[in-house]
1. Suppose we keep only residues that are aliphatic (A, V, I, L, M) and in a strand (DSSP E or B) within the stretch 235-270. Which one would you say is surrounded by the most Cβ atoms within 10 Å (Cβ to Cβ)?
2. Residues in the stretch 108-123 that are farther than 16 Å from Pro34 by Cα and within 18 Å of the chain's Cα centre (by Cα): how many?
3. Based on this model, can you work out whether Cys87 counts as in contact with a Ser or Thr (Cβ under 6 Å, 6 or more places away or on another chain), within 11 Å of Pro21 (Cβ to Cβ) and of a type outside the set (Gly, Ala, Ser)?
4. Name, by its number, the condition in (1) part of a helix (DSSP H, G or I); (2) over 15 Å from the mean Cα position of the chain (by Cα) that does not hold for Pro201.
5. Tyr285 is checked against (1) modelled with pLDDT of 95 or more; (2) touching a helix residue (DSSP H, G or I) at 6+ places or on another chain (Cβ under 7 Å) and fails just one. What number does that condition carry?
6. Within the stretch 66-87, track down each residue that is open to solvent by 30 Å² or more (accessible area, probe 1.4 Å) and either outside any helix (DSSP H, G or I) or in contact (Cβ under 8 Å) with a residue 12 or more places away in the chain (or both).
7. So, in the stretch 1-57, how many residues would count as being surrounded by 14 or more Cβ atoms within 10 Å (Cβ to Cβ) and modelled with pLDDT under 95?
8. Looking at the stretch 28-54 only, could you name the residues that are part of a loop (DSSP other than H, G, I, E, B) and within 22 Å of the chain's Cα centre (by Cα)?
Amino acid sequence: MAQPSAKPTPLLKDELDIVIPTIRNLDFLEMWRPFFEPYHLIIVQDGDPSKIIKVPDGFDYELYNRNDINRILGPKASCISFKDSACRCFGYMVSKKKYIFTIDDDCFVAKDPSGKEINALEQHITNLLSPSTPFFFNTLYDPYRDGADFVRGYPFSLREGVPTAVSHGLWLNIPDYDAPTQLVKPLERNTRYVDAVLTIPKGTLFPMCGMNLAFDRELIGPAMYFGLMGDGQPIGRYDDMWAGWCMKVICDHLGWGVKTGLPYIWHSKASNPFVNLKKEYKGIYWQEELIPFFQSAILPKECTTVQKCYLELSKQVKAKLGKVDPYFLKLADAMVTWIEAWDELNPSGGDSTKLPNSTTK
């Protein structure tokens, strides 16, 4: 009798951490169990650190709350947002893996048009492990996908592509809208499944969403800082977009790529548009200054590492955006603190030993 074949080893099983920010029990993981169970989870608990967060049995995880963040970072913990999902970037800092996938706890497994459940993590890994083409657009989108290639007229000198730093996934059901759009389109749902992945061209910014996102931590990790948001700050819901704008300027400078498109997740619930408006309203004004700032930001050739690029960007934030509002002076200082904390915890590029005193299962 033939022996049953062994299950294939999941892609990047020992090279990827899944980072989840949360304020509640993680029952949503049951739906993701077939895809996530082989991987290590880093859970960043926001809000009241005395609250017990329950994680379903069988998952390998570390759980960090605000007390852990304060103990591990000391005074530098001031750069980690409180009462905002931006706290997730603490998980990026303490990870010791090459890759990160981050997802929100209201994101469920989506189905493709054939009804098959989508393994979002597997698609993100595929995106990250294939090159990007930021310097010349391929009209068949990602030329490295099965059944696609470079079209006629695409320069052969560019067909090798460049490393992919970030894979940005999308969402079915609840779209990622700002509060004014939510208010005028309260019943709108995204039902369009577009079977495509494309590289965002060099020089083009985009609004990065952090709820379904993966990146090469060794390549771009120090730039994935989600800023100062939430409690005590005049703005919220711009954390992922801030990180995306900073990251994209740095990727363009260093010659790396960013992909967007597949995979889709099912975004299950809409947040309150009136609460969102209160968090966003300053950002809605400020973004009209922020976008031109990032569009015109130039990093000198001496900026040869992500850290050097990020510190240079922080100087420009202070010099140019500090005039928009004093908040940006505070944010620029926090960007420096973030890099200092990152380098302390990752003194040799991410190979430092496991942190003490986290809750590990």
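The values are calculated or read from the model by the stated rules, or taken from the named source; none is laboratory data. Just so it is clear, the model here is predicted, and its values are computed rather than measured. We place every Cβ from the backbone using ideal geometry, glycine too, and count neighbours over all the protein chains shown. For accessibility, only protein heavy atoms count, side chains too; no ligands or nucleic acids. Shrake-Rupley method; radii C 1.70, N 1.55, O 1.52, S 1.80 Å.
1. Val258
2. Adding up the residues that qualify gives 0.
3. yes
4. (1)
5. (2)
6. Arg66, Asn67, Arg71, Ile72, Lys76, Ser78, Phe82, Lys83, Ser85 - these are the residues of the stretch 66-87 that are open to solvent by 30 Å² or more (accessible area, probe 1.4 Å) and either outside any helix (DSSP H, G or I) or in contact (Cβ under 8 Å) with a residue 12 or more places away in the chain (or both).
7. Within the stretch 1-57, residues that are surrounded by 14 or more Cβ atoms within 10 Å (Cβ to Cβ) and modelled with pLDDT under 95 number 3.
8. Result: Phe28, Glu37, Pro38, Tyr39, Asp46, Gly47.
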